[in-house]
Amino acid sequence: MTLEEAKKLVEKLRDEINYHNYRYYVLNDPVISDEEYDELMRQLKELEKRFPELITPDSPTQRVGAPPRDGFATVTHSIPMLSLQDARNEDEIREFDARTKRFLGLGPDAVIEYVAEPKFDGLSCEIVYRDGRFSLASTRGDGVVGEDVTPNVRTIRTVPMRLLKKDGAPSYLEVRGEVLMRRTDFEKLNQELVKRGEKPFANPRNAAAGSLRQLDPNITATRPLDFVAWGVGLVEGVELKTHWKAMDMLEDLGFKVSQPRKLCRGIEEVIQFHRSLEEERDHFEYELDGVVIKVNSLELWENLGTTARSPRWALAAKFKPRQRTTKVVNVIYNVGRTGTITPVAILEPVEVGGVIVSRASLHNFDEVERLDVRVGDAVLVQRAGDVIPEVVMVIKEKRTGRERPIPPPDRCPVCGAEAVKDGAYYKCVNISCPAKLVQALKHFASRRAMDIEGLGGKTAELLVEKSLVRDLADVYYLKMKDLLELPGFAQKSAQNLLEAIEGSKNPTLARFIYALGIPNVGEYTAQVLARHFGTWGSLAHATHTELLNIKGIGPETARSVVSFFQEARNLHTVERMFRAGLKVKEEIQTKESPLAGKVVVFTGALSSMTRDEAKALVEELGGTVSNSVSRKTDLVVVGENPGSKFQRAQQLGIKTVKEGEFLRLVGKA
Ligand code: IVH
């Protein structure tokens, strides 16, 4: 066989295979047997093996097998992929119709033609065809720039590699649609993942997104993904007048398109469609979260235009969140990355919109109190935005009297340290609790805390992951050879980090207190404590009553501080830091400070320091900084080009000083 002959045969086989793919995957209506199909594929593979120069990326044999990549390249969409304005009820749908008419200068009795179609809950994607061939696929990303997922999308069987029709097809076509997973496939995939000890996906949408955005397209190829087209981007070579016709064209070109689709005269027909689809939604194989309403005429699209975020010619009319009743069988406590302990209700499993729900977040203890939920209660659960299920209300009529109230946690379920209340949440007081160690380390090193440059989130994760840091104090025992073990670290970067750690060993008391991440103790409270106690030693011995007597310290903060010092592990950690050479600067006694208790306002540009630094300085000296001048202001510091605050200070007769004078006052000049 000559190359020319082989080329013809290869082309013929590809066309045939593409057509049978379409019959099988898009239409669900195959016209040949699986064996016959396999035979065609076998012949094509054979020829491509003999004539490798004939292999093209759009060949049906190339749907799998692309090598993994290091990261996704980016793709700029030629027309931004915007989002949709929402409507939550029928009145809002009617309001959209009225708004559209007003914008077009039409009277209230005019009838607009709309297309109504399902809103699929998946991941939007744009696929480019050049001269009828699949050439590029990207995710929506931020709407302007998406990720290049070409090899991944190539593995989706409902995505044609070649457009079905050659005559009358656009020379350039951008197809937009949703990458989806059927609910049944999602359940199956989750079962497999659990069997293999991997984490299951929360819903079909996440499963579709997680499967598509794989750096290794071979993994995507094993996932049962689907693509349903709902629109076009840029099109060349074909004139389109309506959205309806655009969808017809996509269907003719071999795409699965959004179905059922209805051409509606006026908004009331749209509302009928919305009602019936909402009733039917559980019978669909895909997860739907509403109806998308689009003005049919593309000329009107031009007239209506878009806002910064969404087109004026379309609307997402959402379905109501799906709710079911079930029973709370238990409550467990989860510890988040920040040490926040959240109650989670364990439920009798119940199907909510095609997904089995067996746990629901109760968010926090204020919410537990508000709902008055107890173990044994019958509750209404919903999947809001169809993500994490939540308890909506307790059905109190069903109470038997045997329900048990849910006590707040007194100990952290991960490390056993005391749990203290911080706002609506309970938090673990152990600063090195394994559940929050990465976050704690990141916070400890952050700029406003110990200011260890080079110890950001990524390094914190690595240090904890490699067990180089199991306790915050371990930071001060890191050696060069430890850091060289970490990916991305070389001699120079390791040296820099060690120097930064060394350089952090002499913090102010306020910074050190703040860095420890004690529940309820933010930057301001840390300053109040530092100013009051002056030294670490006296803070460590503070009693609850003593703390409560300090202005600005409430009962929860007092409890946190006392619990912090009662936790032996915390004392041990701090002790190890001191032994490694950490020495806290004693705080200037507030009584001696010229700014103690004073309210200071800055106006104009300072030349010797940033506003942040100036603020820190005032606070270190016991003052507070305010943004506006009032009768309560004690001092206004005037920099270059002062603003209206300067005049206001003069009107109110408040003392003003120039930058130099301020520096002398605070002992910096
Ligand atoms: S039309 C300007 N039609 O919903 C955007 N979108 O919230 C035009 N979606 O990003 C979108 N089904 O991923 C349209 N039938 C449908 C849709 C649909 C699902 C998604 C799409 C979009 C998001 C907007």
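The values are calculated or read from the model by the stated rules, or taken from the named source; none is laboratory data. Keep in mind that this is a model prediction, so the values were computed, not measured. Using ideal geometry, Cβ is built from the backbone for each residue, glycine included, and neighbour counts are taken over all protein chains shown. SASA here: full protein model, heavy atoms, side chains in, ligands and nucleic acids out. Shrake-Rupley method; radii C 1.70, N 1.55, O 1.52, S 1.80 Å.
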Mind checking which lysines have their Cα closer than 25 Å to the Cα of LYS492? Skip sequence neighbours fewer than 8 apart in that chain.
LYS442, LYS458, LYS466, LYS479, LYS481, LYS505
Determine the calculated [θ] at 222 nm for the chain from helices alone, applying -39500 (n - 2.57) to every DSSP H run no shorter than 4 residues and normalising by the residue count; nearest 500 deg cm²/dmol.
-10000 deg cm²/dmol
Please give, to one decimal in nm, the separation of the simple spin-label points placed at VAL64 and GLU16, each 7 Å out from Cα toward the Cβ.
2.3
Could you tell me whether the stretch 585-657 comes out rounded, prolate or oblate from its Cα gyration tensor? Rule is a ≥ b ≥ c as square roots of the eigenvalues, rounded for a/c under 1.5, then prolate if a/b exceeds b/c, otherwise oblate.
oblate
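List the relative contact order of the chain as a percent without decimals, with contacts defined as Cα pairs under 8 Å and 6+ residues apart.
9
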Three semi-axes of the equivalent ellipsoid, the stretch 473-527, Cα gyration tensor, whole Å, largest first:
29, 11, 9
Report ARG576's accessible area, 1.4 Å probe, all protein chains in place, as a number in Å² to the nearest 10.
50
Note: VAL657 to SER467 extended length (0.36 nm per residue) minus current alpha-carbon separation gives 63.1 nm
Say R0 is 51 Å: what FRET efficiency, to the nearest 0.05, do TYR477 and ILE79 get from their beta-carbon distance?
0.35
Can you list, largest first and rounded to whole Å, the semi-axes you get for the stretch 321-434 by taking the square root of 5 times each eigenvalue of its Cα gyration tensor?
26, 16, 11
Give me the dipole magnitude in Debye, nearest 20, for the stretch 255-335 about the Cα centre, with unit charges on the beta carbon: positive for Lys and Arg, negative for Asp and Glu.
220
For the stretch 528-560, list residues with backbone N below 17 Å from a point placed 7 Å from the Cα of PHE578 toward its Cβ?
530, 533-543
Of all the Cα-Cα pairs you can form in the stretch 450-565, what percent are over 17 Å apart?
59
Based on alpha-carbon positions alone, could you give the equivalent ellipsoid semi-axes of the stretch 488-629 from the gyration tensor, as √(5λ), descending, whole Å?
27, 25, 13
Determine the alpha carbon to alpha carbon distance for each of LYS119/LYS398; LYS7/LYS166; LYS396/LYS436; LYS101/LYS318; LYS166/LYS245 and list only those over 25 Å.
LYS119/LYS398; LYS396/LYS436
When the accessible area of the chain is computed with all protein chains present and a 1.4 Å probe, what percentage of it is carbon and sulfur?
50
Please work out how much length the chain gains when fully extended from GLU640 to ASP38, using 0.36 nm per residue of separation minus the C-alpha to C-alpha distance, in nm with one decimal.
208.8 nm
The stretch 611-638 and the stretch 427-488 have their Cα centres apart by a whole-number Å value of 34
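Find the relative contact order for the stretch 219-301 and round it to a whole percent, using C-alpha pairs within less than 8 Å whose residues are 6+ positions apart. Before the final figure, lay out the partial values.
On the way: 47 pairs, mean separation 28.6, N = 83.
RCO, the stretch 219-301: 34 percent.
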Taking a cut-off of 29 Å between Cα atoms, list the lysines near LYS632, but don't count ones fewer than 8 places away on the same chain.
LYS551, LYS591, LYS598, LYS615, LYS645, LYS655, LYS658, LYS668
Using a probe radius of 1.4 Å on heavy atoms only, what accessible surface per residue do you get for the chain? Whole Å² is fine.
49
Taking 0.36 nm per residue of separation and subtracting the Cα-Cα distance, what length does fully extending PHE103 through ASN334 add?
78.1 nm
What's the whole-number percent of alpha carbon pairs in the stretch 60-165 lying beyond 15 angstrom?
74
Across bins of 5 angstrom width beginning at 0, how are the C-alpha pair distances of the stretch 16-109 distributed, in whole percent?
2, 9, 11, 11, 9, 9, 9, 8, 8, 9, 7, 6, 2, 0
More than 19 angstrom separation, counting every C-alpha pair in the stretch 550-616; what % is that?
64
Over 20 Å between Cα atoms: which of LYS12/LYS49; LYS241/LYS294; LYS199/LYS327 fall into that group?
LYS199/LYS327
At a 1.4 Å probe radius, which order do ARG205, ARG130 fall into by accessible area, largest first?
ARG130, ARG205
Please compute the Cα-Cα pair-distance distribution of the chain with 20 Å bins starting at 0, giving whole percents from short to long.
14, 33, 35, 16, 2, 0
Can you tell me the relative contact order of the stretch 151-301? Whole percent, Cα pairs under 8 Å, sequence separation 6 or more.
32
